[in-house]
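Single-structure report; data block below.
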Amino acid sequence: MINFLNKFMPTVVQLGWTGDLGWGTSIVQTLYMTFWSALFGCILGLLFGIGIVLTDTGGIKENRFWFNVFDKIVSFFRAIPFIILLAFIAPVTQIIVKTQIGTTAALVPLSLGVFPFYARQVQVALTGVDKGKIEAAQSVGATFTDLIFDVYLTEARSELVRVTTVTLISLIGLTAMAGAIGAGGLGNTAIAYGYQRSDTAVTLVATFLVLIFVLVVQLVGDYLAKVLDHRAS
Amino acid sequence: MAEKVIELKNISVFFKQAEKTVKAVNDVSIEVEKGDIFGVVGYSGAGKSTLVRTINLLQKPTAGEVVVNGKTLFSKNGNKETLIEGKELRQARREIGMIFQHFNLLEEKTVSQNVEFALKHSSLKEKQIASRAQELLKLVGLETKGSSYPAQLSGGQQQRVAIARALANNPEILISDEATSALDPKNTVQILDLLKNLNKKLGLTVVLITHEMDAVKRIAKKVAVMSSGKIIERGNLIDIFVNAKQPLTQELVGIQSQIQKAEQLLAQSTENSDLSTQTALHLTYTGNSVKDPVMTKLYADYGVQTSIIFGNVDVLRDEPVGTLFVIVSGKEENRQKAIEYLKSSGIKVSKIDLSKGVAQ
């Protein structure tokens, strides 16, 4: 393998494994950014998604005011192109992580970039839970938390896994842009050391590695969604 | 006088839509006694579902009073409103079971878990909850299906699970909201018989909402007919069937279609005969009210001949109700006496004017 790469893609090997430009470093950076921003972004997205569904007309906590608050915030962040959000959010990033550049600094815009997307998907997944199930649960005296956890989140779990998969894949795409604020990652390798140096081999390898990430996420997601689904087809 | 378990007093439910107010339920009162099977019938959109949803406050009324088991759950007169909430509301709801047209089971929970879910806030310990769930599944004949998921069961079985869930907290009342409307005829009959059985065995009070007259005929003791948010007729099952006054009730119970059919047949069979010696009658009799061999007596004692044009027997809660359309021929005087005799033997008689239709 190494011999093969040495022979046909010497520049790929020259980047090395460790060190600032190394493949190992880029891979870890991509995983790091994906994991943490997925965690923060999805928690935020889940909260907003639930909030929107509950306060919407006909929801169990119908409330025009809060619905508008949730809905408008989500719409606002969804409307900002990510590459602009990276720069736009910099002052906030400064406050939260004390720096505006680097891998950790990218977590703030990544989380904020992915949460509205996830919130909308969660909204769709939860809206798909039959109102009748809510009524039936209420008729046996279910509490608010029962309705959230036992009805909404449990009944929509397979759908939630599906939308989480889509969101993760889209997030991996966003991490590629985070190179713009010095966050590194495979996307940065592909652009800075591949494309901008006209080194097709590096671009190809970086793309290939991203594809593997996406594939793994997709396969695991599909599997989980299927295993967790007991609904009538 | 039996104890009243449900009292809805002057209930109104209005929905505000863009420009107009829809009066889904308009000043309706009903009382349901302990151990009753109370049928509410009417076409879709009559407001029957909205009305009974006020019993457990899944639907909050616009005005009126809801009293269940002697406890006021809601009341609103003018601007003064009382409404139980939170824990109190949840506890009240547990005392009122409800089943639905589409079963509304939690599909990501097993059959046992569905029943156990209803017991989550009961005073029972985890083990007791499991055994109580098993006991309930046995009651509905599904003791072997505990670990199945609802999607693996037939519609009838799913509705049984829903019944087990509804009965988990030992409610005295069960509301059935079109519970058999999505089932095939065989499962419909089984579910209805199960409800009837539970009514007998547990003294369960059942409120049965349906647009299927057959469901009411099979198990209801009392019936209320709803149309456009109002109750237009109410009474005991057999009264409603035999003495339906409102055209809509007659239509629902199928009398109208029978009369129409009979009229056609009567018109055909009397086409070339002398109307002055004939009277067409619509006879209705219930189960045990007729003991005499009536037709024979009409001929032997009154000298009139009776030909049956059309007949039908309905079974209402195991009691047969017969409908006959006959032509009686003979002398005017004899026919009059014959009719008196029929009335005196417990048969409801209405004359049918052969040229104009039905007349009393």
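The values are calculated or read from the model by the stated rules, or taken from the named source; none is laboratory data. All figures in this text were calculated on a predicted structure; none of them were measured in a lab. All Cβ positions, glycine included, derive from the backbone under ideal geometry; neighbour counts span all protein chains shown.
Quick look at the numbers
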item: Residue list for the range B:184-232, restricted to those being over 22 Å from B:Ile55 (Cβ atoms), among the aliphatic types (A, V, I, L, M) and modelled with pLDDT of 90 or more; result: B:Val189
item: All positions within the range A:199-233 that are more than 14 Å from chain B (Cβ to nearest Cβ), among the polar types (S, T, N, Q) and loosely packed, with under 14 Cβ neighbours inside 10 Å; result: A:Thr200
item: Extreme residue, surrounded by the most Cβ atoms within 10 Å (Cβ to Cβ), among residues of the range B:156-195 that are within 26 Å of A:Gly141 (Cβ to Cβ) and basic (Lys, Arg); result: B:Arg165
item: Residue match in the range B:92-103 (condition: of a type in the set (Gly, Ala, Ser), more than 12 Å from B:Ala168 (Cα to Cα) and surrounded by 15 or more Cβ atoms within 10 Å (Cβ to Cβ)); result: yes
item: Test: residue in the range B:169-180 that is among the hydrophobic types (A, V, I, L, M, F, W, C) and more than 14 Å from chain A (Cβ to nearest Cβ); result: no
item: So A:Gly58, is it buried (at least 16 other Cβ atoms within 10 Å of the Cβ) and within 30 Å of A:Lys131 (Cβ to Cβ); result: no
item: Filtered residues of the range B:135-150 (kept if under 30 Å from the mean Cα position of the chain (by Cα) and either away from chain A (no Cβ under 14 Å) or farther than 13 Å from B:Ala162 by Cα (or both)); result: B:Glu135, B:Leu137, B:Lys138, B:Leu139, B:Val140, B:Gly141, B:Leu142, B:Glu143
item: Matching entry among B:Phe103, B:Phe74 (being under 22 Å from B:Ile175 (Cα atoms) and either in a loop (DSSP other than H, G, I, E, B) or basic (Lys, Arg) (or both)); result: B:Phe103
item: Subset of the range A:182-198 [buried (at least 22 other Cβ atoms within 10 Å of the Cβ) and in contact (Cβ under 8 Å) with a residue 40 or more places away in the chain]; result: A:Ala183, A:Gly184, A:Gly185, A:Leu186, A:Gly187, A:Asn188, A:Thr189
item: Test for A:Ile212: is it out of contact with any helix residue (DSSP H, G or I) (no Cβ under 7 Å at 6 or more places or on another chain) and among the β-branched types (Val, Ile, Thr); result: yes
item: Any hit, the range B:56-75, residues being farther than 27 Å from A:Gly59 by Cα and not charged (D, E, K, R); result: yes
item: Residue check, A:Lys98 basic (Lys, Arg) and more than 14 Å from chain B (Cβ to nearest Cβ); result: yes
item: Hits in the range A:104-151 - residues which are within 13 Å of chain B (Cβ to nearest Cβ) and out of contact with any Lys or Arg (no Cβ under 9 Å at 6 or more places or on another chain); result: A:Gly128, A:Val129, A:Asp130, A:Lys131, A:Gly132, A:Lys133, A:Ile134, A:Ala137, A:Thr145, A:Leu147, A:Phe149
item: Residue, nearest to B:Lys337 (Cα to Cα), within the range B:265-276, restricted to residues that are part of a helix (DSSP H, G or I) and modelled with pLDDT under 80; result: B:Ser276
item: Meets criteria (at pLDDT 90 or above, touching a helix residue (DSSP H, G or I) at 6+ places or on another chain (Cβ under 9 Å) and away from chain A (no Cβ under 11 Å)) for B:Arg132; result: yes
item: Restricting the range B:1-19 to residues that are of a type in the set (S, T, N, Q) and at pLDDT 90 or above, the residue that is surrounded by the fewest Cβ atoms within 10 Å (Cβ to Cβ); result: B:Asn10
item: Any chance B:Leu124 is surrounded by fewer than 23 Cβ atoms within 10 Å (Cβ to Cβ), more than 21 Å from B:Val206 (Cα to Cα) and within 13 Å of another protein chain (Cβ to nearest Cβ); result: no
item: When residues of the range B:39-66 are limited to those that are of a type in the set (Val, Ile, Thr) and out of contact with any Ser or Thr (no Cβ under 8 Å at 6 or more places or on another chain), the one surrounded by the most Cβ atoms within 10 Å (Cβ to Cβ); result: B:Ile55
item: Wholly within the range B:125-226, helices (runs of 4 or more DSSP H) carrying at least 2 residues that are among the polar types (S, T, N, Q) and more than 30 Å from B:Ala2 (Cα to Cα); result: B:126-139, B:155-167
item: Filtered residue count, the range B:80-120, keeping only those that are more than 9 Å from chain A (Cβ to nearest Cβ) and hydroxyl-bearing (Ser, Thr, Tyr); result: 2
item: Those residues of the range A:152-176 which are over 24 Å from A:Gly16 (Cβ atoms) and more than 13 Å from every other protein chain (Cβ to nearest Cβ), in sequence order; result: A:Arg162, A:Val163, A:Thr164, A:Thr165, A:Val166, A:Thr167, A:Leu168, A:Ile169, A:Ser170, A:Leu171, A:Gly173, A:Leu174
item: Test: B:Lys76 is modelled with pLDDT under 90 and either within 13 Å of chain A (Cβ to nearest Cβ) or touching a strand residue (DSSP E or B) at 6+ places or on another chain (Cβ under 9 Å) (or both); result: yes
item: Residues satisfying the stated conditions in the range B:136-157, i.e. aromatic (Phe, Trp, Tyr) and without any contact (Cβ under 8 Å) to a residue 12 or more places away in the chain; result: none
